[in-house]
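FYI, it's all coordinate maths here, none of it is from the lab. What you are looking at is a predicted structure, and each value in this text was computed from that prediction instead of being measured. Note: ideal-geometry Cβ built from the backbone for every residue, glycine included; neighbour counts use all protein chains shown.
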Amino acid sequence: MAMAEEANLDLVEVAPGANPPVCKILDFGKFLYEQAKRDRVARKQQKTVEVKEIRLRPKTNAHHRSFKVRDARRWIEEGMKVKVRIRFQGREITYPEIGRKLLADVAQDLSDIAIVEQQPGMEGRTMLMVLAPGKQAESA
């Protein structure tokens, strides 16, 4: 402590769990500022994965599905994940195999650039599948 006072700096305990405890002599305010600066830079460089969603119904025909698949293809090529959600209304819920086939068709259409990250599953009255960019999309 005398050395820290002599240098007009702070004595900071770095590793309190060590035996003996490890301390450093440094300017604590400057240390906190530099640490905050490093955290800001790390947050700025962090890549956030955006998740887009396309919604379909069991009665969606192939022509309308192609528009949605085209949007999903564009998003996957940009590096985003895509949720494909099928919403069942009324008695449509009694035929989940129609929804599974629709999701399988979408996955097949996008199989050249995407992989199925989450297999189709029911969540209440919706069936959900998540597609992520595959190897070809990442290297392009």
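Counting other Cβ atoms within 10 Å, keep those with at most 14, restrict to DSSP loop, and tell me which trypsin sites (Lys or Arg not before Pro) in region 15-53 are left.
Those satisfying the criteria are Lys47.
Please state the Cα pair-distance histogram of region 8-140 with 5 angstrom bins from zero: what percent is in each bin?
2, 9, 15, 14, 11, 7, 5, 4, 5, 7, 7, 6, 4, 3, 1, 0
State which stretch of the chain is the longest one without any exposed GluC sites (Glu not before Pro), exposure meaning a DSSP loop state and at most 11 other Cβ atoms within 10 Å.
Details: sites that count: Glu50, Glu78.
By the stated rule (loop sites, at most 11 other Cβ atoms within 10 Å), 79-140.
So which chymotrypsin sites (Phe, Trp or Tyr not before Pro) in region 31-94 end up in coil per DSSP with only 16 or fewer other C-beta atoms within 10 Å?
Qualifying residues, ordered by number: none.
Enter the Cα centre distance for the pair region 104-137 and region 40-56, rounded to the nearest angstrom.
So the separation of the two Cα centres works out to 18 Å.
Report, to the nearest 10°, how far helix 28-45 tilts away from the longest principal axis of the Cα atoms in the chain, using its own Cα long axis and a range of 0 to 90°.
Between helix and principal axis, roughly 20 degrees.
Give me the extension gain from Asp39 to Ala7: residue separation times 0.36 nm, minus the current Cα-Cα distance, reported in nm with one decimal.
8.7 nm
Could you tell me whether region 63-140 comes out rounded, prolate or oblate from its Cα gyration tensor? Rule is a ≥ b ≥ c as square roots of the eigenvalues, rounded for a/c under 1.5, then prolate if a/b exceeds b/c, otherwise oblate.
Prolate, because a/c is 1.5 or more and a/b exceeds b/c.
What is the angle, in °, between the Cα long axis of helix 62-77 and the longest principal axis of the Cα atoms in the chain? Nearest 10 is fine, range 0 to 90.
20
Between Val22 and Tyr95, 0.36 nm times their residue separation minus their Cα-Cα distance comes to what?
Full extension from Val22 to Tyr95 adds 19.7 nm.
Nearest 10 degrees, 0 to 90: what angle lies between the long axis of helix 96-109 and the longest principal axis of the chain (Cα atoms)?
Its long axis makes an angle of about 70 degrees.
Pull out a ≥ b ≥ c, the square roots of the eigenvalues of the alpha-carbon gyration tensor of region 2-45, then state rounded if a/c is under 1.5, prolate if not and a/b is larger than b/c, and oblate in the remaining case.
The shape class here is oblate.
Dipole of the chain (Lys/Arg Cβ +1, Asp/Glu Cβ -1, origin at the Cα centre): which of Ala132, Ala2, Ala72 lies farthest to the positive side?
Of the listed residues, the answer is Ala72.
Only helical DSSP H runs with n ≥ 4 go in: add -39500 (n - 2.57) per run for the chain, normalise by residue count and round the 222 nm mean residue ellipticity to 500 deg cm²/dmol.
It lands at -13000 deg cm²/dmol.
Test of the criteria: in region 63-140, which trypsin sites (Lys or Arg not before Pro) are in a DSSP loop and have at most 15 other Cβ atoms within 10 angstrom of their Cβ?
Loop-located and lightly packed - Arg125.
Using a Gaussian network for the chain with springs between C-alpha atoms less than 10 Å apart, which of these wobbles most: Pro21, Pro120, Pro96?
Pro21
Just to be sure I understand: of the beta bridges DSSP finds with both ends in region 51-139, what percent are antiparallel, rounded to 5?
If I count the DSSP bridges inside region 51-139, around 70 percent turn out antiparallel.
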